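Q: What follows is a structure written as structure tokens; I'll ask about it next.
The values are calculated or read from the model by the stated rules, or taken from the named source; none is laboratory data. Just so it is clear, the model here is predicted, and its values are computed rather than measured. When we count neighbours, we look across all protein chains shown, and the Cβ atoms used for this are built from the backbone with ideal geometry, even at glycine. The area values use the complete protein model at the heavy-atom level, side chains included, leaving out ligands, DNA and RNA. Shrake-Rupley method; radii C 1.70, N 1.55, O 1.52, S 1.80 Å.
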Amino acid sequence: MKIGVNVPNFGPGTDPGVLRAWAQTVEGLGFDLLMVSDHVAITPDVAGQYPAPFYEPFTTLSWLAGVTQRVRLGTTVLVVPYRHPLLVARMAANLDALSGGRFVLGAGIGWAKQEFDALGVPFERRGKLTTEHLRAIRAAWADRDDYRAGPIPLWLGGHSDAGLRRAIELGDAWHPLRLTPAGFREGLARLEKLAGDRPVPAFAPRILLRVTGAPVTGPDRRAGEGTLDQVIDDLAQLRALGADTVVLDPFDSDPAETLHPEVAWRDLAAVAASWKENR
């Protein structure tokens with residue numbers, strides 16, 4: 001099982017130097033994948049959680065490709081309806097080529113209504129638009145020489161039945177975000193049921209990384225939250241469930257965390273060392 005890291009590409013502590021340090025830390029610790037998030041218009045609903053500066057993902061990953069050698073690069077998740085599908089197909093294909101085949105396209109439908117309004121995209125049609133755009137992206141990659149790519153892994157988020165069906169139809173992996181251990185198991189059971197006789201996509205969850213001194217208990221505990229032993233046990237359980245890749249998300253909720261990335265780097269180093277020892 002591969003392990004990746006979701007790097008904050010936003011917030012008051014984020015600048016080009018910090019992003020470079022994040023990338024080199026993630027690669028230096030031996031992680032397999034570095035991913036960043038996506039917003040275009042930092043409207044009030046976005047800024048409340050992910051304040052400016054917010055570095056656009058394709059631009060950021062193209063730059064980070066030049067300061068890394070091995071680590072894969074991806075989006076978790078690109079909001080598909082925000083961009084024309086041929087533009088996404090082109091940028092993804094170019095980024096994959098420029099990085100030496102290291103790109104992973106994680107994609108979802110989005111949630112920030114004010115941002116949709118600012119971009120002139122109908123919020124209520126975001127699910128249908130995402131499906132249409134993804135079909136167009138896959139067609140461009142497959143059928144047009146000037147968009148030839150890949151193969152670029154396409155990871156699709158979403159926990160609703162519609163999101164699971166989209167992952168079954170169009171995804172290489174189902175990429176659910178920050179659930180409880182029980183939530184991941186329940187989602188996988190629904191995914192298999194909805195797939196029926198069709199192939200079930202790979203499982204590539206993103207989990208919280210919040211290392212605590214004392215155990216975190218109770219049914220609402222999210223995977224990746226608790227003592228180092230709990231985090232390692234969560235990784236082992238996800239591997240047993242068939243996870244191909246697990247992405248660790250060290251950003252909890254406070255934008256001020258971006259001012260002190262060394263805290264996350266310490267926790268990532270501890271996870272990397274313990275996972276290597278225990279596996």
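Q: Could you run the Karplus curve 6.51 cos²θ - 1.76 cosθ + 1.60 with θ = phi - 60° over the stretch 2-15 and give me ³J(HN,Hα) per residue in whole Hz, x for Gly and Pro?
A: Calculated HN-Hα couplings, in order: 8, 10, x, 9, 8, 8, x, 10, 7, x, x, x, 9, 8 Hz.
Q: Still on this structure: Give me the number: length gained by fully extending K276 to R135, i.e. 0.36 nm times residue separation minus the C-alpha to C-alpha distance, one decimal in nm.
A: Stretched fully, the K276-R135 segment lengthens by 46.9 nm.
Q: Sum -39500 (n - 2.57) across every DSSP H segment of at least 4 residues in the chain, then divide by the residue count to get the 222 nm mean residue ellipticity, nearest 500.
A: The helix-only estimate for the chain comes to -13500 deg cm²/dmol at 222 nm.
Q: Which of A149, A189, A41 moves most in a GNM of the chain, Cα contacts under 10 Å?
A: A189
Q: State the percentage of accessible surface on the chain attributable to carbon and sulfur atoms; use a 1.4 Å probe and exclude ligands, DNA and RNA.
A: Within the chain, the accessible surface is 53 percent carbon and sulfur.
Q: Under 12 Å from the Cβ of L194, count the other residues' Cβ atoms, weight Lys and Arg +1, Asp and Glu -1, and hand me the total.
A: Summing Lys/Arg as +1 and Asp/Glu as -1 gives +1.
Q: When each pair of different Cα atoms in the stretch 153-279 is counted once in the 1/r mean, what is the Kirkwood radius in angstroms, to one decimal?
A: 15.3
Q: Give me, ordered by chain and number, the residues 5 or more places off R72 or on other chains with an amide H under 5 Å from its own placed amide H.
A: Amide H neighbours of R72, under 5 Å, 5+ apart: L33, L34.
Q: Follow-up. Taking the chain as a Gaussian network, where each spring joins two C-alpha atoms under 10 Å apart, which residue of L29, L19, L61 fluctuates the most?
A: Looking only at L29, L19, L61, the biggest GNM fluctuation is shown by L29.
Q: What fraction of the Cα pairs in the chain, stated in percent, has a spacing above 34 angstrom?
A: Tail of P(r) above 34 Å: 14 percent of Cα pairs.
Q: Out of A195, G108, G120, whose Cα points farthest toward the positive end of the dipole of the chain (charges: +1 Lys, Arg; -1 Asp, Glu; placed on Cβ)?
A: With unit charges placed on the Cβ atoms, the residue in question is A195.
Q: If one computes the Cα centroid of the stretch 183-256 and of the stretch 39-85, what distance in Å separates the two points?
A: The distance from the Cα centre of the stretch 183-256 to that of the stretch 39-85 comes to 22 Å.
Q: Moving on to the next point. What are the semi-axes of the equivalent ellipsoid of the stretch 73-155, taken as the square roots of 5 times the eigenvalues of the Cα gyration tensor, listed largest first and rounded to whole Å?
A: For the stretch 73-155, the ellipsoid semi-axes come out as 23, 13, 10 Å.
Q: A further question follows. Which residues in the stretch 69-104 have a backbone N closer than 18 Å to a point placed 7 Å from the Cα of R20 along the Cα-to-Cβ line?
A: From the stretch 69-104, the list is 69-71.
Q: Indicate, rounded to the nearest 5 percent, the antiparallel portion of the DSSP beta bridges found entirely in the chain.
A: 5
Q: Report the extension gain between D233 and D145 in nm, rounded to one decimal, defined as 0.36 nm multiplied by the number of residues separating them, less their alpha carbon distance.
A: Going from the current span to full extension adds 27.2 nm.
Q: Within the set of other residues whose C-beta is less than 11 Å from the C-beta of S37, count the net charge using Lys and Arg as +1 and Asp and Glu as -1.
A: -2
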